1. Just name the residue that is surrounded by the fewest Cβ atoms within 10 Å (Cβ to Cβ) out of those in the range A:20-58 that are acidic (Asp, Glu) and closer than 13 Å to A:Ala93 by Cα.
2. With respect to the numbered conditions (1) surrounded by fewer than 16 Cβ atoms within 10 Å (Cβ to Cβ); (2) within 12 Å of chain B (Cβ to nearest Cβ); (3) under 13 Å from the mean Cα position of the chain (by Cα), which one is the sole condition not fulfilled by A:Pro8?
3. Among the residues of the range B:43-82 satisfying the criterion of being facing chain A (nearest Cβ under 7 Å), more than 15 Å from the chain's Cα centre (by Cα) and of a type in the set (A, V, I, L, M, F, W, C), which is nearest to A:Pro38 (Cα to Cα)?
4. Output the residues belonging to the range B:12-31 that are of a type outside the set (Val, Ile, Thr), closer than 16 Å to B:Gly71 by Cβ and in a helix (DSSP H, G or I).
5. Please go through (1) touching a helix residue (DSSP H, G or I) at 6+ places or on another chain (Cβ under 7 Å); (2) over 30 Å from A:Leu143 (Cα atoms) for B:Gly104 and return the number of the only condition it doesn't satisfy.
6. Looking at the range A:36-53, which of its residues are assigned to a strand (DSSP E or B) and without any contact (Cβ under 8 Å) to a residue 60 or more places away in the chain?
7. Before we move on, is A:Leu105 closer than 18 Å to A:Thr58 by Cα and of a type in the set (A, V, I, L, M)?
8. Working only within the range B:102-136, note down all residues that are among the hydroxyl-bearing types (Ser, Thr, Tyr), touching a residue at least 12 places away in the same chain (Cβ under 8 Å) and more than 10 Å from every other protein chain (Cβ to nearest Cβ).
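Just so you know, all these numbers are worked out from the coordinates, no wet-lab data involved. What you are looking at is a predicted structure, and each value in this text was computed from that prediction instead of being measured. Every residue, glycine as well, gets a Cβ built from its backbone with ideal geometry; the counts of neighbours run over all protein chains shown.
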There are 2 protein chains.
Amino acid sequence: MNDIEIRPADRADIAAIVRLLVDDKLGAGRDSLDDLTPYVEAFEQIAADPNQELVVMTRPDPAGGPAAVVGTLQLTIIPGLSQMGRTRALVEAVRIDSGERGGGLGTVLMQWTIERARERGATLVQLTSNGERESAHRFYRRLGFADSHVGFKLSI
Amino acid sequence: MNDIEIRPADRADIAAIVRLLVDDKLGAGRDSLDDLTPYVEAFEQIAADPNQELVVMTRPDPAGGPAAVVGTLQLTIIPGLSQMGRTRALVEAVRIDSGERGGGLGTVLMQWTIERARERGATLVQLTSNGERESAHRFYRRLGFADSHVGFKLSI
């Protein structure tokens, strides 16, 4: 675990991030590596917003090649009036390489993210997880998250 | 309903928004009108971020006085890579004056917000609602929202 690095994503990571999005039971039908154009456009919007942080977790190649992207997530810092002006951090699009799951990388990535949220002034971290992702729900509960809310979505 | 106005909040609305936050079964213990300083600071952070929109709904005073703030919410525009670079809109801190509930104002405010999210390029609107807010859950379902996700929160 000592050789794992977590850092802001750069443009060169886009394909590797999309690979993680496709490598997912729900994402397989929603994402595609065929054309990266919409992902590059979204990356530019994220990069232009100081309250967005797209993050990758990498593992070095023992043979000296480029490090592999083994995890990703997006953090959004949201100032707000409610709860005495509490700043919240929203976590979206958490993905760990399917071949790396169960080894603790998700915990390392989330703990890093919680610390990063704290550095950015947030005192609440929130996320929603699809009702089908039962193992993810257990994972977030183990990290101390309370499943206190119902997550509503509307496609428009 | 024709005289209702929905517009970006300005500094002069802060106390009225906090009044709506306090006027809530969960907010009563979490917010206070005693000192507006933290709310003013949060307002300045929201105002500095073009991806945040703090909104108020007002009703004119028939006697010609200042319009009353009868509703509020905060919209956050979140670019993202997942789902082919889909932009999402997060809705937080939805409040309608307790004396005005049941009259359709919430529906008007949410419909305005959905249209505003669309104008901002979002194709998904999402929010979480505390598990205790059962009448709110019915309200969001009536608007077409699917309660497909579990909402996790962690105080840090």
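1. It comes out as A:Asp23.
2. Failing condition for A:Pro8: (2).
3. B:Leu81
4. Listed by number, the residues that qualify are B:Asp13, B:Ala15, B:Ala16, B:Arg19, B:Leu20, B:Leu21, B:Gly27.
5. Going through (1) touching a helix residue (DSSP H, G or I) at 6+ places or on another chain (Cβ under 7 Å); (2) over 30 Å from A:Leu143 (Cα atoms) one by one, B:Gly104 breaks only (1).
6. Result: A:Gln52, single match.
7. So A:Leu105 passes the test.
8. Those that are among the hydroxyl-bearing types (Ser, Thr, Tyr), touching a residue at least 12 places away in the same chain (Cβ under 8 Å) and more than 10 Å from every other protein chain (Cβ to nearest Cβ): B:Thr107, B:Thr113.
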